[in-house]
Amino acid sequence: MALTNAHKLVHLDLKGAAPRIEYLQVLFPILKKNGATGLLLEYEDMFPYVGQLEELSQRYAYSKDNIAELLQLAEDNSLTVIPLIQTFGHFEFVLKHEKFKSLCELEGYPSALCPSNADSLTVISMIIDQVMTAHPAIQYFHIGGDEVYHLGVCERCKRKMLMENWTVQQLFFAHVRAVCLFIKEKYPHITIIMWDDMLRFLELPVLAESGLGSLVEIMVWHYLPSFLLPPDIWDRFSKVFSNIWVASAFKGATGACMYATNIMYHVDNHLTWLSVLDHIKSKFENIKGIAITGWQRYDHYAILCELLPQALPSLLTCLAVINRETFTSSIHSDVTQQLQFQGLLPLNPFEGKDIPACEFPGSDIYKDTIELLRLEAAYEDFLHSEGRLSWMNEYHMRRNFTNPMHLEALLAQAVRLLNGLKLLHKKFETSLNIVFFPDTVDEWCGVYLKPKIDKMTDIVELARNQDRGSSLET
């Protein structure tokens, strides 16, 4: 029962497909009902920055009033709010702007900032101050710190390491300490959390000398059903950190362009976490909580993956697994009933089974996504079919060198597919606009539907323009 009194946080990754506040109004009560105790809010460019940071906010960023309403909704539903602001790697939302490009560790690569540039801490401090001001009642603050891919490579950092006789790891520690000390000095009531992956392979003496044990609580993330963490990680971490958090996933962890969620994959991840936590709980003073992450992009420049409403069945199933510390047919039935599925909730949409009717907030997006999954399979089958490649290839059609005996049937098939894609596009525009802002609707349709519609339109028009008289009419 390692998580009995621990926080159960739902991670909202807002760097893509951020929901409208109206959707959060109906979502938060559902989260409370299903045992969530808090939110890990990764704002990135959705926060309403002002002054020197104003350009960091994207066009549809939440307003100051939106943030206040979000926090009130969270309070009304007994959800602790923990802001997450990246302070080292994954800093693209800042470094992509001309004004801040000088802070890049590797020129032209906006992934990580330079820890040896004095302006880096200045900018981070301004970001933290603005987020703190908007969240006066918070107890925890997450500083990110994961996947710092460019570290110690610029000339400024090389000189710094040479002067201080530092390793790359010590350079990392120095920057994290500086961020933490800024927070501790200005906001002494705040407990700081950071991701663990930049620490998980370090030897114990290096970890102990980092100085981070007294400054942060680490959050160990792992999203696979079978664990690949170092076997001695818990012994090493427990000797440096008294308290620990962990992180699982309910979506956004099986592929950067995956748009449908395999629920059973994430159930297995949670079952493994429960087993691990049961074995390691005696090593730490407290297992503070678990964050169920729901990644919306793999980084600031990646395309959108699984949308939140589409993955709500996965989230509720994972919450049930955490709270009951098992997965049973009874849990499966309870989630099915809550989401009003007219038949058991499918745990793996890739099996090709029919999806029962359902009714929950955002269920139209869920159903449209499953339809896209089926339609995309038909699209790929058609494009790569022997008949299409042999008798309906673009090279021959552009030269009006086709056989109507084969082309007529292929054209009828292509028209049906094209009409299906166009109809789904319209359905998505309707369902997405209810939950998301226009930029999300445009991006989702522009990535997952429009290229297929354009491709099929070209094929159909080429086929219809063959000089075969009425034999090609449909």
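Give the range 325-345 a look and list any residue that's touching a Phe, Trp or Tyr at 6+ places or on another chain (Cβ under 7 Å) and surrounded by 19 or more Cβ atoms within 10 Å (Cβ to Cβ), or say none.
Within the range 325-345, just Leu339 meets the criteria.
Residue check: is Lys288 assigned by TED's automatic domain parsing to the domain that holds Thr80, basic (Lys, Arg) and surrounded by fewer than 17 Cβ atoms within 10 Å (Cβ to Cβ)?
Working: assigned by TED's automatic domain parsing to the domain that holds Thr80: yes; basic (Lys, Arg): yes; surrounded by fewer than 17 Cβ atoms within 10 Å (Cβ to Cβ): no.
Considered against the rule, which asks whether it is assigned by TED's automatic domain parsing to the domain that holds Thr80, basic (Lys, Arg) and surrounded by fewer than 17 Cβ atoms within 10 Å (Cβ to Cβ), Lys288 comes out as no.
Going through the range 1-49 one residue at a time, which ones are surrounded by fewer than 21 Cβ atoms within 10 Å (Cβ to Cβ), closer than 22 Å to Ile303 by Cα and of a type in the set (Val, Ile, Thr)?
Within the range 1-49, no residue meets the criteria.
Can you name the residue in the range 103-129 that is in contact with a Leu (Cβ under 9 Å, 6 or more places away or on another chain) and surrounded by fewer than 17 Cβ atoms within 10 Å (Cβ to Cβ) and is also farthest from Ile190 (Cα to Cα) among such residues? Explain how you work it out, then say what you get.
Looking only at the range 103-129, we keep the residues that are in contact with a Leu (Cβ under 9 Å, 6 or more places away or on another chain), and these are 103-105, 109-117, 119-120, 123-124, 126-127.
Filter once more, so that each one left must be surrounded by fewer than 17 Cβ atoms within 10 Å (Cβ to Cβ): 109, 119, 126.
Values: Tyr109: 32, Asp119: 24, Met126: 17 Å.
Out of the qualifying residues, it is Tyr109.
Could you list, ordered by first residue, the pairs with Cβ atoms under 7 Å in which the first is in the range 169-193 and more than 11 Å from Gly211 (Cα to Cα) and the second is crowded, with 20+ Cβ neighbours inside 10 Å and of a type in the set (Gly, Ala, Ser), at least 6 apart or interchain?
Listed by first residue and then by second, the contacts come to Leu171/Gly152.
Evaluate the following for Ile322: is it buried (at least 19 other Cβ atoms within 10 Å of the Cβ) and assigned to a helix (DSSP H, G or I)?
Spelling it out, Ile322 is indeed buried (at least 19 other Cβ atoms within 10 Å of the Cβ) and assigned to a helix (DSSP H, G or I).
Give the range 254-265 a look and list any residue that's under 14 Å from the mean Cα position of the chain (by Cα) and closer than 21 Å to Gly352 by Cα, or say none.
Residues of the range 254-265 that are under 14 Å from the mean Cα position of the chain (by Cα), as a first pass: 254-261.
Hits for the range 254-265 are Thr254, Gly255, Cys257, Met258, Tyr259, Ala260, Thr261.
Give the residue that is farthest from the chain's Cα centre (by Cα), with candidates limited to residues of the range 335-345 that are under 14 Å from Ile263 (Cα atoms) and among the hydrophobic types (A, V, I, L, M, F, W, C).
Filtering the range 335-345 down to residues under 14 Å from Ile263 (Cα atoms) leaves 335-336, 344-345.
This time we only want the ones that are among the hydrophobic types (A, V, I, L, M, F, W, C), so: 335, 344-345.
On the way: Val335: 23, Leu344: 26, Leu345: 23 Å.
Once the filter is applied, the top-ranked residue is Leu344.
Is it the case, given these coordinates, that Gly211 is free of Cβ contacts under 8 Å to residues at least 60 places away in the same chain and on the phi > 0 side of the Ramachandran plot?
Yes; evaluated as a whole, the condition is true for this residue.
Of all residues in the range 147-158, which are surrounded by 17 or more Cβ atoms within 10 Å (Cβ to Cβ) and outside any helix (DSSP H, G or I)?
Within the range 147-158, Val148, His150, Leu151, Gly152, Cys154 meet the criteria.
Report whether or not Lys452 is surrounded by fewer than 16 Cβ atoms within 10 Å (Cβ to Cβ), assigned to a helix (DSSP H, G or I) and outside the structural domain of Tyr23 (by TED's automatic domain parsing).
no
Return the residues of the range 70-99 that are exposed (fewer than 15 other Cβ atoms within 10 Å of the Cβ) and either farther than 23 Å from Lys288 by Cβ or not assigned by TED's automatic domain parsing to the domain that holds Ile183 (or both); say none if nothing qualifies.
So the first thing to find is which residues in the range 70-99 are exposed (fewer than 15 other Cβ atoms within 10 Å of the Cβ), and the list is 72, 75-76, 78, 97-99.
Hits for the range 70-99 are Gln72, Asp76, His97, Glu98, Lys99.
Within the range 346-389, restricting attention to residues that are of a type in the set (Ser, Thr, Tyr) and either surrounded by 15 or more Cβ atoms within 10 Å (Cβ to Cβ) or not assigned by TED's automatic domain parsing to the domain that holds Leu424 (or both), which residue is farthest from the chain's Cα centre (by Cα)?
Filtering the range 346-389 for residues that are of a type in the set (Ser, Thr, Tyr) and either surrounded by 15 or more Cβ atoms within 10 Å (Cβ to Cβ) or not assigned by TED's automatic domain parsing to the domain that holds Leu424 (or both), the one farthest from the chain's Cα centre (by Cα) comes out as Tyr379.
The values are calculated or read from the model by the stated rules, or taken from the named source; none is laboratory data. The structure presented is a predicted model; accordingly, all values stated were derived computationally and were not measured. Cβ coordinates were reconstructed from backbone atoms using ideal geometry, including for glycine residues, and neighbour counts include every protein chain displayed.
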